[in-house]
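Have a look at the structure below before the remarks.
The values are calculated or read from the model by the stated rules, or taken from the named source; none is laboratory data. This one's a predicted model, so the numbers in the text were calculated from it and none came from an experiment. Cβ coordinates were reconstructed from backbone atoms using ideal geometry, including for glycine residues, and neighbour counts include every protein chain displayed. For the accessible areas, the whole protein counts, side chains as well, though only heavy atoms, and no ligand, DNA or RNA atoms are used. Shrake-Rupley method; radii C 1.70, N 1.55, O 1.52, S 1.80 Å.
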Amino acid sequence: MRGCFDAEAQVANMGSESRSGKLSYVVRFAGDSGDGIQLQGQQFTMASALGGNDLATLPDFPAEIRAPAGTRYGVSAFQIHFGGERITSPGDTPDVLIAFNPAALVVNLPQLEPGALILVDEQAFTEQRLKRADLDRNPLEDSSLATFEVVRIDISRLTEEAVKPFGMGAKDSQRCKNFWALGLMLWMFDQPRDPTVAWIERRFANEALRNANLAALNAGHAYGETAELTRVLAQHPTPAAPLARAEYRTITGAEGVALGLLAAGELADTQVMFCSYPITPASSILHHLADLEDAGVSTFQAEDEIAAICAAIGASYAGRLGVTSSSGPGIALKTEAMGLAVAAELPLIIVNSQRAGPSTGMPTKTEQSDLYQAVYGRNGDTPIPVLATRSPGDCFDTTIEAVRIALRHMTPVMLLTDGYIANASELWPIPDIDHYPPIASTKPTENTEGSVFQRDPSTLGRVWAAPGDRRFVYRVGGIEKDIETGNISYDAANHQAMTDMRAAKVASVADFIPDQVIEQGSPGGLAVVAWGSTYGTLHQAVLESIRAGLDVAQIHLRHLNPLPGNLGELLGRFHTVLVPELNTGQLATLLRDRLLVRVAQLNKVTGQPFTVQEVRQAIQQHARPRLKEVRP
Amino acid sequence: MSEAVRELTFKDYATDQEVRWCPGCGDYSILKAVHRALADAKADPANTVFVSGIGCSSRLPYYVETYGFHTIHGRAPAIATGVKLANPALDVWVITGDGDGLSIGGNHLLHALRRNVNLNILMLNNEIYGLTKGQYSPTSRIGTESPSSPHGSLDTPVQPGLFAIGAGATFIARAVDIDQKGLPVILNEARNHVGAAFVEILQNCIVYNADVFDDVVAKKTAADTQIHVVHGEPLVYGKARDKGLRLNPRTLALEAVTLGVDGVTEADILVHDETNPVLAQLLVTLRAPLPVAMGVIHRRQAPAFDQSFVEHKPAVRRQRVRQLLHKGNILDRR
Ligand code: SF4
């Protein structure tokens, strides 16, 4: 969907850069969980979207709900990259860091480049709070910030003054600090305040609180306008992004999956039953779908992960589309039941919002390390199709595609997303559901007769008959069954035939998916081949590398099992294949296994996404300069 | 499914599949009682679903000519919950055993009962693991010698009925596999109950735990070792119907008394009130030398989960989806 950028408009914008010559900025908000950092980030996101900017965000928060204040590990941050050009990554280095306490400052310093602007809440740099952040000296008072532009603002006191008329004491006023800072940031980038004003008015029923927060927001904004500091705090308006004609909204990955399920259910004319058990970072999908029965999706919060997938399987058996969602540890628990769905030949969607493992790992940090689990991780020869989303907006289309496959082939499908995509947001052109072809299923029609185990020869999907239908009363289960009658069978040849059928069914998915395309660049030199949430950063890195004259192309996979039929041939046209992944090399293994190709790896498992710089360095190592005369 | 169902006999509820239990297994008579109960209820096979887990008992759905789903170990209540929520019009049965339902699947049974999902849950309790060749189970009595407990099992068994009470079950009954008259009646009481109905059936595993219930079910002594409870009737038993249960107010326990002995009259005998959960707890835990309670021990009305889980079919679903796609702030660049 992101191909909707208007290239001509992009060129036209070149002349309308902001004063500093930059088309886009990276801002990072950082403080304690209790400082409302994520809220500031979301509100700023909304404002820049409505201001016409393209954007990408990176929420980065601790697993603890209210981590001890002032500690380094308790720092919650929100980064947004926004502006008047196409934006695919949340940005490597913030142009502006706004730090609410010493810990927020020190943990984010390593990311900054010289010249970056740092705004700090001066009052937070007390001896006690420096100690909480394990600092023996105040960084505002030594030379450690010499290479940056530092602006000290007494946000705490200014907020206190702004909200005093509404009866807020010093302590309560601290809770309005986030809106003060947000107001200043909105001024600084000339973003509209109205969405936040509307949000505050909706959100706070209590009049005093509502007015106090509005006052804080406006005071922060006014501070920017009038402070004498204007020479340091210049305004940096950004032009509107060159967007193709459409209606846009912001979307997170969790919203993308939820909306995709709603749309897919409607396109398939099938009720959807979403069954899950709370787990970070997957729970938000459940939250988005709760209470949407009128749109064809019901939700069930089960007693555990196993019950969640089992209830979904029960729903699929009974004629609804069962969906379950979790993260790696929960997916592990669901494994046995996935085998049942394969054996019973039932449609099912399993969403995995991956997080850093093993075991509990790092629940709020992202990783792509469940690919082996998705493709190989079941007992028996139990193949299932696997798809991966590449961005929040892409979650919508990939979810619809997953449902299409599940209903066409009567198979469980694993949909991989991750903690980064789930929480991050981007600007999304709202699709018209009427432009999507209906999703076909194998539900019996009035004329269907015979056994439920007759299979479409091209998809190997069996008839999706459900209880209530007098014509198809049948029994099925996890015991191996006769390929024709479905009755229990331990027959040797039959098990061979069933195993072959299950493999052929998943392989047949490749007959229906589009050929793999090259995102950018052309064959010959280095192919950067990847999957999942690294898409945006890789896009930027490859784009910059091409502009720098390197012979490099980007290939990004949605279908991981089966791989697109032309992928082997496509990769054969490149000199080198580089696979960057946020794991220790799982797609690399898969490509070697399935396509017998040599691949180089770039791996990172820090719980953080790649930076554009990291990828560019790796490309530099593997790519040759593009020789113009070699080109045909 | 408005088409009229032709009158079905109990044979029509049997499938053409060869039944594969050991000869003499109590499961045969339970299967027969299931066929009988369905015939008595004129159950529509198309609207009936049997869901089971793993174990000897869990093979039962293959032998019932209705929809059936033989699933994975312990998970039948969860899968049945999904079936029932997806289509509340279905009559959904869960077939489980003591290992399946109280060991590996104890959690799901707990939640199906406390949610009061409208399911008919039959637990075929044989106090042993049959299909895995005779290991002691969570209901095996202390000292059960088995391949995995050669010197006798050490762990205290779980009492299925007491577990069900603890889970907040709204229907609890108990029956014996060979009771071909009483069992189908109880099965239909369970079927008619709105909410989760839990029926413990004492089932004889003739191979690995033969006659373990003899102290309760042996024909010769059954009249004295069982008490068949009926709502609103006095709790009497015995061949001569001369014994009864009385509440001892000092111990808060039931005690056996004989009419006419020590001045005991019918007025001293407790009357069964199936809606009383306290009495249910006293009855469900009765053990020799007191008689073991059979019949509907507890039944009360409470909202069933699937009733509150109805789908609201929208007039224009697509319009609603479109509306949700446009939720929030919109940047219009058309
Ligand atoms: S092992 Fe026991 S319970 Fe299983 S079929 Fe044989 S007799 Fe029945």
Can you tally the net charge around A:Y474? Count Lys and Arg as +1, Asp and Glu as -1, for every other residue whose Cβ sits under 11 Å from the Cβ of A:Y474.
+2
When the accessible area of each residue in the stretch A:457-476 is compared between its chain alone and the complete protein assembly (1.4 Å probe; ligands, DNA and RNA ignored), which residues differ by at least 40 Å², being lower in the assembly?
A:P467, A:G468, A:R470, A:V473, A:R475, A:V476
Average partner coverage of A:295-303, which counts Cβ from other chains inside 10 Å
6
Accessible surface, the stretch A:464-575, averaged per residue in Å² (probe 1.4 Å):
35
Fraction of alpha-carbon pairs in chain A farther than 34 Å apart, rounded to whole percent, equals 47
For the stretch A:497-511, in order, what is each residue's ³J(HN,Hα) by Karplus, 6.51 cos²θ - 1.76 cosθ + 1.60 with θ = phi - 60°, in whole Hz (x at glycine and Pro)?
5, 5, 4, 5, 4, 5, 5, 5, 4, 5, 4, 5, 4, 4, 6
Would you mind working out the magnitude of the charge dipole of chain A relative to its Cα centre, with +1 at each Lys and Arg C-beta and -1 at each Asp and Glu C-beta, to the nearest 20 Debye?
700
Given +1 on the Cβ of Lys and Arg, -1 on the Cβ of Asp and Glu, and no further charges, what dipole in debye does the stretch B:3-212 carry about its Cα centre, rounded to the nearest 20?
340
Extending each Cα 7 Å along its Cβ direction at A:E247 and B:Q17, get the distance between those two points in nm, one decimal.
5.2
Which length gain, in nm to one decimal place, applies between A:S458 and A:R471 when the Cα-Cα distance is subtracted from 0.36 nm times their residue separation?
2.3 nm
Can you give the helix-only mean residue ellipticity at 222 nm for the protein assembly as shown, where every DSSP H stretch with n ≥ 4 adds -39500 (n - 2.57) and the sum goes over all residues, rounded to the nearest 500 deg cm²/dmol?
-9000 deg cm²/dmol
Quarter of the Cα convex hull surface for the stretch B:1-94, i.e. its orientation-mean projected area (nm²)
6.2
Quick check: at a probe of 1.4 Å, how many percent of the accessible area of the protein assembly as shown sits on carbon and sulfur atoms?
52
Please state the relative contact order of chain B as a whole percent: Cα pairs under 8 Å, 6+ residues apart?
15
Could you tell me how many cubic angstrom of Cα convex hull volume the stretch A:235-388 has per residue?
158
Given H placed 1.01 Å from N in the peptide plane, which residues other than close sequence neighbours of B:L331 have an amide H under 5 Å from its amide H?
A:Y248, A:R249
With Cα atoms, 0 to 90° folded angle of helix A:305-317 axis to chain A main axis:
50
Inter-chain shielding metric for A:267-276, i.e. average beta-carbon neighbours from other chains within 10 angstrom, reads 2
As a test of understanding, state the convex hull volume per residue of the stretch A:573-632 from its alpha carbons, in Å³.
95
Net charge within 14 Å of B:I172 by Cβ-Cβ distance, Lys/Arg positive one each and Asp/Glu negative one each, not counting B:I172 itself?
0
Which residues' amide hydrogens lie under 5 Å from the amide hydrogen of A:N561, considering only partners 5 or more residues apart or on another chain, with H built in the peptide plane?
A:V386
Per DSSP, loop chymotrypsin sites (Phe, Trp or Tyr not before Pro) in the stretch A:189-298 with at most 15 further Cβ within 10 Å:
A:F204
What shape does chain B have by the C-alpha gyration tensor, where a ≥ b ≥ c are the square roots of the eigenvalues, rounded means a/c under 1.5, and otherwise prolate means a/b greater than b/c and oblate the rest?
prolate
For the stretch A:56-188, build the convex hull from the C-alpha positions and give me its volume per residue in Å³.
125
Residue (of A:S489, A:A146, A:G314) at the positive-pole extreme of chain A, dipole from beta-carbon charges:
A:A146
The protein assembly as shown: antiparallel DSSP beta bridges as a percent of all, rounded to 5
35
Specify whether the C-alpha gyration tensor of the stretch B:174-225 places it in the rounded, prolate or oblate class, a ≥ b ≥ c being the square roots of the eigenvalues: rounded for a/c under 1.5, otherwise prolate if a/b is larger than b/c and oblate if not.
prolate
Looking at the stretch A:549-632, which trypsin sites (Lys or Arg not before Pro) are DSSP coil and have at most 11 other C-beta atoms within 10 Å of their C-beta?
A:R598
Residues with beta-carbon under 9 Å from that of B:L85, excluding B:L85: net charge, scoring Lys, Arg +1 and Asp, Glu -1?
+1
Could you grab the relative contact order for chain A? Cα pairs under 8 Å, six or more apart, rounded to a whole percent.
12
Lysine pairs, Cα distance under 24 Å, 8 or more residues apart or cross-chain: how many in the stretch B:3-212?
7
Give me the angle, in degrees from 0 to 90, between the Cα long axis of helix B:182-192 and the longest principal axis of the Cα atoms of chain B, rounded to the nearest 10.
30
Tell me the angle of helix A:177-188 to the major Cα principal axis of chain A, expressed in degrees between 0 and 90 and rounded to the nearest ten.
80
Could you let me know the centre-to-centre spacing of the stretch A:408-451 and the stretch B:182-254, using Cα atoms, in angstrom?
52
Approximate shape of the stretch A:483-632 as ellipsoid semi-axes (Cα gyration tensor, √5λ), whole Å, largest first
37, 17, 12
Answer rounded, prolate or oblate for the stretch A:335-486, using the Cα gyration tensor with square roots of eigenvalues a ≥ b ≥ c: rounded when a/c is under 1.5, else prolate when a/b is larger than b/c, else oblate.
oblate
The stretch B:3-212: antiparallel bridges as % of DSSP beta bridges, rounded to 5, reads 10
